[in-house]
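Have a look at the structure below, then the notes.
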Ligand SMILES: [Zn+2]
């Protein structure tokens, strides 16, 4: 038996009965917030009794609720109140639905409990939050830590492929955001996380049509993947190119046009720095703990291998921008630099495309249309072809 086969059998034996227990699906039919003096109550309506994994994160203060094997089935949007300023939710891993509460103040969980269905109420799960000192909050963060590491490790892993076994170049297309992180909110259409997925699928289709590439998506559904995992996927797939797809927003609704970004610790301008800071918040929004990932990323940056990768990334961006301009509206300065976490792969040339602005009516119309999504994909495909033609000409 192969090693993998053996592992699979062992896993099945280990999981045994518990696997069948988890197989059931739970519907989350609503959430509510209530304020009672210094206490804030969070109530979640569920179709079956649940045992969520709950933990707290600092910088910024968040409470994360992971509900195994569940689906969101609520049409209503409850207003956060009391100690909870805002909340988000979405699929965090294949078997975990995540709700992230942003806390206004230091707080601790006073109690959490299940209530059975009764008198017109469904099953409920209740969390009572009480305002606390910062040190009590930090103690609560620390005591919930072991669970966090587990959750992050549960991101679906990817089997490495044999590089260039058929001579095809490998491209990983990364649909930005997803799951509990919606990205920029759709003022005239879908949220960013939906658009990036649609555009990424079109790019994959267009690239595969050329017959020259093997193309993989970091995600093919509405699920969150932490930044580091995204470029780790590219590395594991042996990618020759990594393309992260995004949609921007800005207060001034007149601003429109796409931009191709590459990694640089010093941003090319203030606007690029603002954007990178916003995009880098993605992990925070999705309730990922950054404490243990940051050091590794900065040490990777010092590596000299990064330099050639950065040169190739910039070269691809310079080729891509005119191709994009042929198909869609682009910024005057189509290629800019900033410090994007998702581009920090040490050896895979990487670009981040901001395909346009949700906040501009014309851009939003283009981004939400199949025609617009296809035009972006055509431009990317043309740029990728030219880039690899050049690489081949240079004997790479
Ligand atoms: Zn984005």
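The values are calculated or read from the model by the stated rules, or taken from the named source; none is laboratory data. The model shown is predicted, which means the values in this text are computed figures rather than measured ones. Glycine also receives a Cβ, built like all others from the backbone with ideal geometry; neighbour counts cover every protein chain displayed.
Quick notes on this structure:
- Residue check, residue 194 at pLDDT 95 or above, closer than 14 Å to residue 373 by Cα, in a helix (DSSP H, G or I) and in contact with a strand residue (DSSP E or B) (Cβ under 7 Å, 6 or more places away or on another chain): no
- Qualifying residue in segment 270-278 (condition: in contact (Cβ under 8 Å) with a residue 60 or more places away in the chain, within 13 Å of the ligand (Cβ to nearest atom) and assigned by TED's automatic domain parsing to the domain that holds residue 362): yes
- Test for residue 246: is it within 16 Å of the ligand (Cβ to nearest atom), at pLDDT 95 or above and under 19 Å from residue 329 (Cα atoms): yes
- Tally, over segment 167-183, of residues that are within 16 Å of the ligand (Cβ to nearest atom) and part of a loop (DSSP other than H, G, I, E, B): 6
- Just one of (1) modelled with pLDDT under 90; (2) within 13 Å of the ligand (Cβ to nearest atom); (3) more than 19 Å from residue 369 (Cα to Cα) fails for residue 186. It is (3).
- A Cβ distance below 9 Å, combined with a sequence gap of six or more or placement on separate chains, defines the contacts here; from segment 331-359, residues that are over 25 Å from residue 373 (Cβ atoms) reach residues that are part of a strand (DSSP E or B) and within 14 Å of the ligand (Cβ to nearest atom) in the pairs 337/261.
- Across segment 202-218, a minimum of one residue is classified as part of a loop (DSSP other than H, G, I, E, B) and within 11 Å of residue 174 (Cα to Cα).
- Positions within segment 29-57 being outside any strand (DSSP E or B) and surrounded by fewer than 17 Cβ atoms within 10 Å (Cβ to Cβ), in sequence order: 37, 38, 48, 49, 51
- Taking each residue of segment 37-60 that is not assigned by TED's automatic domain parsing to the domain that holds residue 134 and looking for partners that are at pLDDT 95 or above and surrounded by fewer than 16 Cβ atoms within 10 Å (Cβ to Cβ) with beta-carbon atoms closer than 7 Å, six or more apart or interchain, yields nothing.
- Taken as a whole, the condition of being within 15 Å of residue 29 (Cα to Cα), touching a strand residue (DSSP E or B) at 6+ places or on another chain (Cβ under 9 Å) and not assigned by TED's automatic domain parsing to the domain that holds residue 179 does not apply to residue 106.
- Of everything in segment 345-372 that is within 16 Å of the ligand (Cβ to nearest atom) and within 29 Å of residue 170 (Cβ to Cβ), the residue that is surrounded by the fewest Cβ atoms within 10 Å (Cβ to Cβ) is 354.
- Selected residue (criterion: farthest from residue 350 (Cα to Cα)) from residues of segment 310-321 that are touching a strand residue (DSSP E or B) at 6+ places or on another chain (Cβ under 8 Å) and in contact (Cβ under 8 Å) with a residue 60 or more places away in the chain: 321
- Screening residue 240 against (1) within 16 Å of the ligand (Cβ to nearest atom); (2) over 21 Å from residue 92 (Cβ atoms) leaves a single unmet condition, (1).
- Test: residue in segment 202-211 that is at pLDDT 90 or above and within 14 Å of the ligand (Cβ to nearest atom): no
- Note on segment 340-370: residues that are assigned to a loop (DSSP other than H, G, I, E, B) and out of contact with any strand residue (DSSP E or B) (no Cβ under 7 Å at 6 or more places or on another chain) total 5.
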